[in-house]
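The values are calculated or read from the model by the stated rules, or taken from the named source; none is laboratory data. From a predicted model like this one, the values you see are computed outputs, not experimental measurements. Quick reminder, even Gly has a Cβ in these numbers, built from the backbone with ideal geometry, and neighbours come from all protein chains shown. We work out accessible area using only protein heavy atoms, side chains counted, and drop any ligands, DNA or RNA first. Shrake-Rupley method; radii C 1.70, N 1.55, O 1.52, S 1.80 Å.
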Amino acid sequence: MSPSPAAPRTLHRSFGALELSLQFLPCGSLCSVQLPASPPDALEAADLLEAFNALARFPITPPRSQAEARFREALERLSPGQTVSYGTLAGELQTAPRALGSLCRSNRLLLRFPCHRVLAAQGPGGYRAGIAWKLRLLALEKAL
């Protein structure tokens, strides 16, 4: 019987009104970023920018596949406030829009890899943390 892996440790970090739960593997790599259930009313663009900058400095878990690696790279190229459609990004990555949606749904490093910037052709589309978060993040990014 193999030993069970050590559980990730959780660190709670505040960026102004934004409270994040960050999970780290025993090796120190960031493996998950969790947002509160709903966006706080007092959340400002400066809080979001501070969180983006802080998350960019943490070592992260490696991608699980080449597709995820390309997905992460594409998301990192999007500036705050810049959006792209699932179809356009899927074409760039040479994959199907549904496969891209699956990568977005499995993205546990929210804000670090900003999949909220990927939009459906007929509206905002989904978001792992919920549509209220997606719309709020996009609105705040316009102010940056």
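Descriptive notes on the structure:
- In region 96-111, the residues that are hydrophobic (A, V, I, L, M, F, W, C) and under 18 Å from Pro62 (Cβ atoms): Leu103, Leu109, Leu110
- Considering the conditions (1) under 25 Å from Cys27 (Cα atoms); (2) in contact with a helix residue (DSSP H, G or I) (Cβ under 7 Å, 6 or more places away or on another chain), Lys134 is excluded by exactly one of them, (1).
- For Arg70, the conditions (1) open to solvent by less than 50 Å² (accessible area, probe 1.4 Å); (2) among the basic types (Lys, Arg); (3) in a helix (DSSP H, G or I) all hold with the exception of (1).
- Hits in region 88-121 - residues which are open to solvent by 30 Å² or more (accessible area, probe 1.4 Å), of a type in the set (Gly, Ala, Ser) and assigned to a helix (DSSP H, G or I): Gly91, Ala99, Ser102
- Taking region 1-51 as the range and being within 17 Å of His116 (Cβ to Cβ), open to solvent by 60 Å² or more (accessible area, probe 1.4 Å) and of a type in the set (A, V, I, L, M, F, W, C) as the test, the residues that pass are Ala37, Leu49.
- For the residues Pro124, Pro59, the requirement of being under 20 Å from Ser32 (Cβ atoms) and exposed (fewer than 15 other Cβ atoms within 10 Å of the Cβ) singles out Pro59.
- Region 108-144, residues that are of a type in the set (Lys, Arg) and free of Cβ contacts under 8 Å to residues at least 60 places away in the same chain: Arg117, Arg128, Lys134
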